[in-house]
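Notes follow the structure.
The values are calculated or read from the model by the stated rules, or taken from the named source; none is laboratory data. Computed from a predicted model, the values in this text were never measured in an experiment. Heads up, the Cβs are rebuilt from the backbone with ideal geometry, glycines too, and the neighbour counts pull from every protein chain shown.
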Amino acid sequence: AWREEPEALEVELASGSTALAEEVRTGLVKTPKRLSSRFFYDAEGSRIFQEIMHTPEYYLTRSEYEILETHKTELLQLFVADQRPFDLVELGAGDGLKTKILLGFFSEQQVDFAYAPVDISSDALDGLVADIQRQWPDLRLKPRHDDYFNSLHQLSAESDARRIVLFLGSNIGNFTPEEALDFYRQLHDQLLPGDLVLTGFDLQKHPAVIHAAYNDRQGLTRAFNLNLLRRINRELDANFDLSSFDHYEVYNPETGEARSYLVSQKSQTVTIRALEMTVPFQYGEIIHTEISRKFTRSQIEQLATKTGFSVSGWFTDCKGYFADVVFVR
Ligand code: AVI
């Protein structure tokens, strides 16, 4: 339904829909059409993602949880090896569920460290900080509501603690190969020799296992993908009919890429009022929305060496589905 109040729209556009507007303006005129998965995470998208992490098919979260629980002592040994206090800097902290395994253990062991969660969403960050203060009142916290690299820069200006960067949950898999290289190059620029990066990588495995993780039976991944259209309707005053788009995912074991699409189920035209734009769709036409890349060990090692790091720790779950890998600068 159209909204009649232009003022309300202006306020919304001013308060953060600009990046989405730019993405929609440029992405929906490309062939094939595309929208970045960066825009999945409005309040509803973040809520659905939390539910996906609990589905039987989405093994990634459980695998990483197992790794951190099983290997927390070895991880701590790596983190304190040079006898310095450290800042545990978590990029894209979200609800910090897995990180709490480490925070609880390090607190119990009276380790000298501070936790610096970094998230662009202040809602997620405020919730996490309140939660941690309640659970571990003595834990030193340095939350940063900012861009990843600005935050790292500020943290290094404030103290000379060793920096240990956490980038968990296979978030790295949502980058293109070029973006992933660029990400580690920028980390390399911000860090000092001896600093560490712990990344969660989803590994290549039987394609059927991966395919199922992005096609859960409850339809949550479908709802997650379609929610992007709902967000565009709300924030850019568009009229996507959600019932005439479907979710489709393919996993290609040759490239290690799971790709998600929205598929138009009929020939239709969508109007995006805030952009004064109409977008025609053919029957069966797709919008590419997400890449979730799965890695081999040698790809991960190459990523480290190409960007000036070396691999100093490699931890997997008992099925070998997922790896938490420590890079040293
Ligand atoms: C956040 N990211 C690592 C998830 C993934 O597996 O690519 C997002 C997701 N997309 C569909 N299900 C979960």
Identity of the residue in the stretch 47-56, assigned to a helix (DSSP H, G or I) and near the ligand (Cβ under 10 Å from one of its atoms), that ends up nearest to I172 (Cα to Cα): F49
Taking the criterion of being more than 16 Å from the ligand (Cβ to nearest atom), farther than 24 Å from D42 by Cβ and in contact (Cβ under 8 Å) with a residue 60 or more places away in the chain, would at least one residue in the stretch 278-285 satisfy it? yes
Condition check for F295: within 16 Å of the ligand (Cβ to nearest atom), at pLDDT 95 or above and buried (at least 20 other Cβ atoms within 10 Å of the Cβ): yes
Looking at D126, D95, D146 in this structure, which one is within 16 Å of the ligand (Cβ to nearest atom), more than 20 Å from V326 (Cα to Cα) and at pLDDT below 95? D95
So which residues in the stretch 39-78 are more than 17 Å from V209 (Cβ to Cβ), touching a residue at least 40 places away in the same chain (Cβ under 8 Å) and under 16 Å from the mean Cα position of the chain (by Cα)? F39, F40, Y41, D42, A43, E44, G45, S46, I48, F49, Q50, E51
Which of (1) under 15 Å from the mean Cα position of the chain (by Cα); (2) within 17 Å of S36 (Cα to Cα) is the odd one out, the single condition R231 does not satisfy? (1)
Given the criteria more than 16 Å from the ligand (Cβ to nearest atom), in contact (Cβ under 8 Å) with a residue 60 or more places away in the chain, surrounded by fewer than 20 Cβ atoms within 10 Å (Cβ to Cβ) and outside any loop (DSSP other than H, G, I, E, B), does G308 qualify? no
